[in-house]
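Written out below as structure tokens is the structure these notes cover.
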Amino acid sequence: MKVLVVNCGSSSLKYQLFDSETEQALASGVASRVAVNGGTQAQLEHRVAGNSSHVVCAPMPDHEVALGHVLEALVHPEHGVLNTLEEIGAVGHRVVHGGERFSESVLIDDKVIAAIEGFCEIAPLHNPANLQGILASRHRLPGVPMVAVFDTAFHQTLPPTAYIYGLPYELYEERGIRRYGFHGTSHRYVAGQAVEVLGAAGRSADKIITCHLGNGCSITAVEGGKSVQTSMGFTPLAGLLMGTRCGDIDPALVPYLINHLGMDSREIDEMLNKRSGLLGISGVSSDMRDIHAAAEAGNPRARLARDIFCYRLRRYIGAYAAVIGGVDAVVFTAGIGENDAWVRAQAMQGLGFLGLCLDEQANADGNLNGSRDVATAESRARILIIPTNEELLISRDTAALASTEQSVLRDPA
Ligand code: ADP
């Protein structure tokens, strides 16, 4: 089956078309500046596996028009990979927030759409765009089964001790205020890969700590394949230091900023999400590569920013080992996790007491792609680098659910 995976942001539409049997991505791309200034400067960059990209510049006032251009590109006589759109057997959508309702991926129907809409209040930056992608696909590909894969779903196994905040309990009961956690598709994918790698080596894989370090960063404790604690919270602002997000701070800072600096809630929200983290501390950039360049040129705030990034990561790894009573493997993934040997080395410093010993040479070898183990041969626990592939997991879930629907249609009870 050919599965189209769609990931809509407020001004973008990213996609990949998979062959679910071979798990190969046949084509991928991104429509950007969708709906910005009426979508007059939008463009679609479409890439067919192994070829250079094909760019379409066209007005894209909304996600439905953008999706129309994506579908045209997929069947384009020169740049396309499909003869007709009827070859698309299912569409998988990345949806950020599934609240407490969705602990796994689901086939999309009117009730699911209403539920996703209901979570717009607690995910105002993400769910509305995800929803637009779903509605656009419904119009453009009527009758094709669609599946929602939620960023929060993997973390629905957290126990209440891990998700209830120290606030009046009514806020949880009446307003759903609790830790949800995000990046769940990535944590689930790399944890699953880690289980395979460790199992093949005859090693225990019960206690895994997964570190997703991209522009957004989060860390998850996975026990027996289930997420039991994760660093992001009610929103993706909590936990680790990130590119522009502050991660954990003292909540009393918010009223302090209101009362003493005259900031309002919008300004504070913008500062904590867009002007903090690596960017805020260094004053240089939110990109770890720029931070390294500045640190090596002697910039003390860039040095401090990267040190704080690694310190907080190490602190969380220690805490999560305590939560799950030890660790069989730590997994690094996403832009920084997969590529940044310096960060991995700093984060792992002093963790020998947990049985985690980094092989400095293997860690520094930048010529290797794909999954690898960078712990020393003697290290009791493993240190794994595993490239994340959220789209592939969305495609797998989508193909599995779409085929159950098709079999129900074939054999009505
Ligand atoms: P996103 O969360 O937007 O998907 P990515 O997973 O691409 O982000 O991660 C972006 C981060 O990864 C940036 O801080 C960037 O500096 C870092 N990064 C990407 N490639 C490298 C590299 N080769 N070495 C060090 N850092 C890298």
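The values are calculated or read from the model by the stated rules, or taken from the named source; none is laboratory data. Not measured: the values here are computed from a predicted model. Every residue, glycine among them, receives a Cβ derived from its backbone with ideal geometry; neighbour counts consider all protein chains shown. Protein only, heavy atoms only, side chains kept; ligands, DNA and RNA dropped before computing areas. Shrake-Rupley method; radii C 1.70, N 1.55, O 1.52, S 1.80 Å.
Key figures for this structure:
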| quantity | calculated |
| --- | --- |
| Pair list, Cβ < 6 Å and 6+ apart or interchain, from the range 203-225 residues that are among the acidic types (Asp, Glu) and part of a strand (DSSP E or B) to residues that are more than 14 Å from the ligand (Cβ to nearest atom) and open to solvent by 10 Å² or more (accessible area, probe 1.4 Å) | Glu223/Lys207 |
| Top-ranked residue in the range 234-274 [being within 16 Å of the ligand (Cβ to nearest atom) and among the charged types (D, E, K, R); ranked as surrounded by the most Cβ atoms within 10 Å (Cβ to Cβ)] | Arg245 |
| Residue list for the range 369-413, filter: at pLDDT 95 or above, of a type in the set (S, T, N, Q) and within 15 Å of the ligand (Cβ to nearest atom) | Thr388, Asn389 |
| Top-ranked residue of the range 304-335 - restricted to ones that are within 16 Å of the ligand (Cβ to nearest atom) and open to solvent by 20 Å² or more (accessible area, probe 1.4 Å), ranked as nearest to Glu390 (Cα to Cα) | Gly335 |
| Selection status of Asp206, touching an Asp or Glu at 6+ places or on another chain (Cβ under 9 Å) and of a type outside the set (A, V, I, L, M, F, W, C) | yes |
| Residue match in the range 157-171 (condition: out of contact with any Lys or Arg (no Cβ under 8 Å at 6 or more places or on another chain), outside any helix (DSSP H, G or I) and touching a residue at least 40 places away in the same chain (Cβ under 8 Å)) | yes |
| Counted residues, the range 293-325 - those being on the phi < 0 side of the Ramachandran plot, part of a loop (DSSP other than H, G, I, E, B) and in contact with a strand residue (DSSP E or B) (Cβ under 9 Å, 6 or more places away or on another chain) | 0 |
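Let's see how each residue does on (1) surrounded by 13 or more Cβ atoms within 10 Å (Cβ to Cβ); (2) closer than 21 Å to Glu196 by Cα:
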residue	(1), (2)
Ala341	yes, no
Arg344	yes, no
Met348	yes, no
Gln361	no, no
Asn367	no, no
Asp373	yes, yes
Ala377	no, yes
Arg382	yes, yes
